[in-house]
Amino acid sequence: MRKEAKHHMMGTSYARPCAATGCSRTTRSIYGRYCERCHQRAWRHGHPEQTPVRKPEVEKYRKRIKRLLRRGNLEKIEQHLRAVAARIEDAARSPEAVAAPMSWRTGQPWGPNRWKQKAVDEILRVLGETDAVESGITVAAVFLLRDREHRRFADDRAFDFELVRLWRSQTRLAFGSFWNQKTDKVTAYYKPLRPRVVEEIEPYLTTAYARFAGYVIGAFQKHLARQAAVRTSLDEGFAELQA
């Protein structure tokens, strides 16, 4: 009786509303902030209110970027993206990539940093399974998506998590599969990394591709400005014909 009463007090009487906006569920425990569903979304996507960005959304911007790049020196751009991928690999393979934090008591390393090691292993695996040019375009597409649809991301952390997820999604290694008895077919699912690992991978991508992403965003903004100028010129010409 006492155990049942204690469980009732902890699981029901003291349950709080989920902290996520618009969620009417109760928290996972008396100490938690989110319900189970919002907790899982925050764990996977960096924020409980972040809706996953789907591949078709990114593909729309990938196509736009490819059209822009064809108007420039495509060979030079491809060389740059291959060099970026090589720099990421060199950085991941360097001893500093998995350097252990120093103990404030002894001044000596605590030991292998398992989160950094997992991040490095994942980076090298994705680099080995993807094309450097296509990978760079994908990263730039996510940045362009944020620039054009900034409300699509709940906050900066959510953007970081989606960036890493979409970068990893280029390879099948990021997915698992199971037999779905309801649909009677094999269903694929994304295998998320631990948040600590995602946080270690994100700086590699944002640092390496910041220059290219900025170039793409600037080129796209100029393209839109030219289109607006052409439309204005056409409208003015049509108005003169009607006068």
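The values are calculated or read from the model by the stated rules, or taken from the named source; none is laboratory data. From a predicted model like this one, the values you see are computed outputs, not experimental measurements. Positions of Cβ are backbone-derived with ideal geometry, glycine not excepted, and every protein chain shown enters the neighbour counts.
Could you count how many residues in region 198-217 are touching a residue at least 24 places away in the same chain (Cβ under 8 Å), more than 13 Å from ILE77 (Cβ to Cβ) and among the β-branched types (Val, Ile, Thr)?
Going through region 198-217 one residue at a time, the tally reaches 4.
Considering only region 153-169, I want to know if a residue exists there that is modelled with pLDDT under 95, farther than 28 Å from ARG93 by Cβ and surrounded by 13 or more Cβ atoms within 10 Å (Cβ to Cβ).
The answer is yes; a qualifying residue exists.
Does PRO203 qualify as being closer than 24 Å to THR21 by Cβ and either in a helix (DSSP H, G or I) or not hydroxyl-bearing (Ser, Thr, Tyr) (or both)?
Answer is no for this residue.
Quick check on this structure: which one of PHE161, PHE178 is under 14 Å from the mean Cα position of the chain (by Cα) and aromatic (Phe, Trp, Tyr)?
That would be PHE161, the only listed residue that is under 14 Å from the mean Cα position of the chain (by Cα) and aromatic (Phe, Trp, Tyr).
When the residues of region 115-158 are filtered to those that are without any contact (Cβ under 8 Å) to a residue 24 or more places away in the chain and assigned to a helix (DSSP H, G or I), which remaining residue is farthest from HIS223 (Cα to Cα)?
Among those that are without any contact (Cβ under 8 Å) to a residue 24 or more places away in the chain and assigned to a helix (DSSP H, G or I), it is GLN117.
Return the residues of region 52-100 that are hydrophobic (A, V, I, L, M, F, W, C), in a helix (DSSP H, G or I) and under 21 Å from the mean Cα position of the chain (by Cα); say none if nothing qualifies.
Passing the criteria: VAL58, ILE65, LEU81, VAL84, ALA85, ALA86, ILE88, ALA91, ALA92, ALA97.
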